[in-house]
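Just so it is clear, none of the values below were taken in a lab; they were calculated from the coordinates. Nothing here was measured: the structure is a model prediction, and the numbers come from that model. Heads up, the Cβs are rebuilt from the backbone with ideal geometry, glycines too, and the neighbour counts pull from every protein chain shown.
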Ligand code: BGC
């Protein structure tokens, strides 16, 4: 007689048999997420450090922009190549390499004797961030059970937000002594933790299965599922591999079956940045000062408040993401982004009076909206929606687009404010927010509770179909 699960077929059965998650998977996810901590720390710490670096090396504007921007250039480059590397070398080995790169980069920055060496250090740190951003979400999504994958992959975004907050605090602590070397060098510590953690953590069973190490994959899968029956899950992973040849090629990304997922990944990557998040993360004190908060310490304190809202709302989103699903959160949060940017733009029409207060509140609403939507959901979806065979490569393409868009926005923000004025600049970002909402509504699929293999199949040959069945649930 057929068991109930057999009657349902392996795919439906998998989601039901697995325990929500085991302690071991959570540990693996937490250690991998340290890569996110470095991402957040290293992108934000420079905002405080650059003031002193500028003085020490007597830098004019362009070299100053290079110190900030080379991290993004390094990250975009490594994200593009890093996905391929993690498909080839394995997720675990790539994360170990990432840790070594972070440590070397942070130490070069801390001990740099010249501006040129500092730039080399910053670029190396950027390579580490790019590798982390392609490998961490994929690693976590491949070891997590479907019902808990949302919050576990979002640990990456949580770590980014904590990294940003820690950077604000460290910058503040060393500001008095001008200790920029400490600000940049301290990143070596979490770099070391990431490497040590990965020594003890297992390779992704999905990657092992793809590389012909079925026995090992099954063993690890059993271990990370806490000893429960993993036959159905394993069979499902094997099922997606049997008709695939060994190596994914770049041309695979343009296959009709992959194209819709590629569009979703790159689209979300660009929208995540062009709605202006990093103008707030990198320039919040500047925005607040121009809104009328005159003291630097007041502006920095309000910025720290924004950092706290970012962390807390990411936690809220992690709590909701496997319950409500990705789409409702994405649509609600993006709507919040549009409204807060529009209000911020209006507020700047009337300088003085209540502008400072309105600016602080709207920036907080804006960051809260980002933290429940485009922040975590972009990194989650790009780790979920691509076929196993080309997952690293495709995720890397989306991550690289994100870094390139980040660089573009960071380099143009101040000129836009000078040229268009703050009101029109924030309205422009609000307009991009409208684009993000429409894009998400029509093209972004719901992936809640489905196995990676079910998601892979649902994309084959369809452009909007995966989104349609989820629209009602939004
Ligand atoms: C984005 C970063 C941003 C951070 C803010 C991430 O999802 O990719 O660019 O600085 O969120 O929390």
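To the nearest µm²/s, what D does Stokes-Einstein give for the stretch 38-127 at 25 °C and 0.890 mPa s, using the Kirkwood radius over alpha carbon pairs as Rh?
Stokes-Einstein gives a translational diffusion coefficient of 181 µm²/s.
Using only the Cα atoms, work out Rg/Rh for the stretch 95-247, with Rh taken as the Kirkwood radius, to two decimals. Please report the intermediate quantities before stating the final value.
Details: Rg = 19.4 Å, Rh = 17.7 Å.
A ratio of 1.09.
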Please work out the C-alpha center-to-center distance from the stretch 420-443 to the stretch 167-245 and express it in whole Å. 34
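When 366, 172, 429, 442 are ordered from fewest to most other Cβ atoms inside 10 Å of their Cβ, what list results? Mind dumping the intermediate values first?
Numbers: 366 28, 172 15, 429 25, 442 12.
Result, fewest neighbours first: 442, 172, 429, 366.
So what is the diffusion coefficient of the stretch 139-219 in µm² per second by Stokes-Einstein at 10 °C and 1.306 mPa s, using a Kirkwood Rh over Cα pairs? Don't skip to the end; give the middle numbers.
Details: Rh = 15.5 Å.
Once the numbers are plugged in, D ends up at 103 µm²/s.
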For 440, 133, order by how many other beta-carbon atoms lie within 10 Å, fewest first: 440, 133
What is the Cα coordinate range of the stretch 84-152 on the first, second and third principal axes, sorted by size from largest, in whole angstrom? 50, 25, 14
Compute the helix-to-body angle for 188-200: its Cα long axis versus the longest principal axis of the chain, expressed 0 to 90° and rounded to tens. 10
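Taking a quarter of the surface of the Cα convex hull of the stretch 312-395, what do you get in nm²?
6.6
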Taking each pair of distinct Cα atoms in the stretch 290-331 once, what is the resulting Kirkwood hydrodynamic radius in Å? 12.3
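At a 10 Å Cβ-Cβ cut-off, how would you order 311, 169, 73, 264, fewest neighbours first?
Values: 311 21, 169 13, 73 18, 264 25.
Listing 311, 169, 73, 264 from fewest to most nearby Cβ atoms yields 169, 73, 311, 264.
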Expressed as a whole number of Å, what is the distance separating the alpha-carbon centroids of the stretch 275-331 and the stretch 379-398? 27
Helix axis angle, 374-384 relative to the chain longest principal axis, alpha carbon, degrees: 30
In Å, the C-alpha Rg and Dmax of the stretch 261-371 are 15.0, 47
Compactness of the chain, expressed as Rg and Dmax over alpha-carbon positions, Å: 22.0, 80
Any idea what the relative contact order of the chain is, in percent, if you count C-alpha pairs under 8 Å spaced at least 6 apart? 24
